């Protein structure tokens, strides 16, 4: 009783604690047409076409195959990724196709759909209601991911994301959006009139899940029956729930979540923050009914109330299974009148023209309007902007629509962004008041989608750059690793051979050179032995640095051979003969030193021998050349082997 | 007089030291031109500009070695953005570097692929997955459409598939006022 008095008092008080937002328009409501009849039920249609794209976020993953028999409420596509929602069979039947079909989307493009041919039995899966009052919030929210429930006000944002209540969501006030501000739409109105109890039960669940202390239900004052029904339902439940119905004035777009929060609480949610960051959350009435059905009855999201209105014989609200062909709904409302040109999904302000009449009803479809030239006269041609700024007066988000229009029209997207284009809710109030009939919202939509496309391209470019940089870094790293490996292997090889020969060097190439030198020396030795039987200088040195000696010996041998050849030709080396006096003197000095060391002996003996045998000397020269070539070849081969090993690594 | 001079000199020295310190302490790294040019380039890493990637091309532009109109994937808009950044006149794309094509991704015909890994080595962004003697496939979301994998393929199993319009990437059109032909009255013709 006390509660009732408090509520009644708040009803009287309501006019005072309303905080009007800036701007807004009041177009003709046209709601009475579709509220004459109660919510109707439709017979099960011939086919059910369920598009995978029915919500904001990722496309769900298909869990059925063509030919599968599915029951009503069976999961046929599961949520993929964080922002995604599941899809359930809305009646029992056979999956007859999984293919692309036209979906209700402004693009008019086909997209993947699951088609079910109903068997007419409408047989439910085993329903699993949950005792939510005694369950942990975490498990409840986790199970909500399987419910397929999305925001049914039209935004279709997956509800389980909004309810990410791990007990510390920080939400103190839950606002229930029952404003339904857009003309023609009456689905929430009828739902409140007929199923207020279910709504209140759903609100209790949402309140529990969020841990919200207070609930405010915002209803526009053009729905007195609905408000009365809601008041009565709220008064029926116990004191603890702290629910309050607030009547807000009829002004479009009061049904926008942020506008409604401002209306009922006076709180302006910062443009760059989510409502949860300031302790608020907003749910549509239809969404809370879906919550009630899911938790208390165990029914996933398979239907919704749709207003079928406009140019039809008998406008009415229907409870429609998702995937029902739209024309089925039109038939139920008595069929369209003769001059119907097309159908609009959503309201006349924010809705879009359906690309085809052959589209299914989806989770976003709150209203279908049959349009005719008499109801919606084609817009007169747009005139130039006269900068009257009436749009700025009407803008509920306090933007400067006329500026945004200039920027969008001239593709000046950066500037449009600076003027907060993305805060525009596309409500159409500006277009509605424009005396020049400029389709302002179309310009904003164009600019927004261009900016989104640019951002996506930039993201892709950044990813490509990152991957390219990584690839280059990886190639560089691999190269270094290979080089290091080789160095290590060479080091190991050196350690192995160190005990055998100190002449061995760290490098394979050097080793090969030494081997070549040894070979050369050997060859030379053989050659000189041929030429002269005794050759003291080229005797294989038995000392440790045999290799070095061999090299020296080879060099000496070469010089000797050259000298011998010159002598054999009968003349002294020309370069010495023509030398000036100081040089000759120097040569003589060097010769003297050489004699002192005892080297010239060998020279002389060779000379002596060679003069007697010039032919043998020539042969020696050839042999030396062959040996050199052989040694070079060996060295080259050794080097090649080394490099091929590098490549194999 | 002397006092005034001392004060002024003292002030000058003091402030000079302060400014010098601030210049070091709060040094602002200038936005390097190469990075800004690189940000405009589409990062296809296709090499159509004659440089081995977008970064080398950006470096060449910054050093004045390359012209701004050598990037076909960047298209006309890219050239305009570069002209804007570099403060030079816009010029149309150089036809020698190729023509602007609709964005596409590579597609491997898995029936023909022999698993030679040559395309994997050619891909500048590691967008091809596969192993020797196993079928390869393109990670479509990471393919830049550079076409560098086409040439090395010994069996020509790779083709470029243009990215079609889906409800995901569909864009609202610029509003246009349709031009309608009004019915002409017979009297006017006469």
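Values in this text are rule-based calculations from the coordinates and carry no lab data. Not measured: the values here are computed from a predicted model. Heads up, the Cβs are rebuilt from the backbone with ideal geometry, glycines too, and the neighbour counts pull from every protein chain shown.
Things worth noting here:
- All-pairs Cα distance distribution in the stretch A:316-416, expressed in whole percent, bin size 5 Å: 2, 10, 16, 16, 13, 11, 11, 11, 8, 1
- Within 10 Å of each Cβ in A:438-450, the average number of Cβ atoms from other chains: 3
- Inter-centroid distance (Cα atoms) of the stretch A:54-100 relative to the stretch A:443-503, Å: 42
- Within the stretch B:141-175: backbone nitrogen closer than 15 Å to the residue B:129 label point (7 Å, Cα to C-beta): B:141-143
- Sites residue A:496 and residue A:470 - FRET efficiency at Förster radius 51 Å, r taken between beta-carbons, to 0.05: 0.85
- Ranked B:8, A:230, criterion: other C-beta atoms within 10 Å, fewest first: B:8, A:230
- Full-stretch length increase - residue A:386, residue A:422 - with 0.36 nm per residue and alpha-carbon distance subtracted: 10.5 nm
- On the beta carbon distance between residue A:22 and residue B:2, with R0 = 51 Å, the FRET formula returns roughly 0.15.
- In this simple spin-label model, placing a label point 7 Å from the Cα along the Cα-to-Cβ direction at both residue A:595 and residue A:143 gives a separation of 11.7 nm.
- Residues A:161, A:62, arranged from fewest to most other Cβ atoms within 10 angstrom of their Cβ, appear as A:62, A:161.
- Counting, for every residue in A:455-464, the Cβ atoms of other protein chains within 10 Å of its Cβ and taking the mean gives 5.
- Isotropic mean projected area of the C-alpha convex hull, the stretch A:99-214 (nm²): 10.5
- Contact order relative to length of chain B, as percent, for alpha carbon pairs under 8 angstrom and 6 or more apart: 16
- Take each residue in B:163-171, count the other chain C-beta atoms within 10 Å of its C-beta, and the mean is 5.
- The stretch A:259-416: relative contact order as a whole-number percent, Cα under 8 Å and 6+ apart: 17
- Between the stretch A:294-368 and the stretch B:7-44, the alpha-carbon centres lie 63 Å apart.
- Extension reserve of the residue A:410-residue A:121 stretch, reckoned as 0.36 nm per residue once the Cα distance is removed: 98.3 nm
- Taken along its principal axes, the alpha carbon cloud of the stretch A:151-237 reaches lengths of 37, 30, 18 Å, longest axis first.
- Shape of the stretch B:36-181, Cα gyration tensor, a/c cut at 1.5: oblate
- Between residue A:46 and residue A:65, the contour length at 0.36 nm per residue exceeds the Cα-Cα span by 4.9 nm.
- Estimated FRET transfer efficiency (residue B:110, residue A:97; beta-carbon r; R0 30 Å; 0.05): 0.75
- Placing a pseudo-label 7 Å from each Cα along the Cα-to-Cβ vector at residue B:9 and residue A:483 gives an inter-label distance of 5.7 nm.
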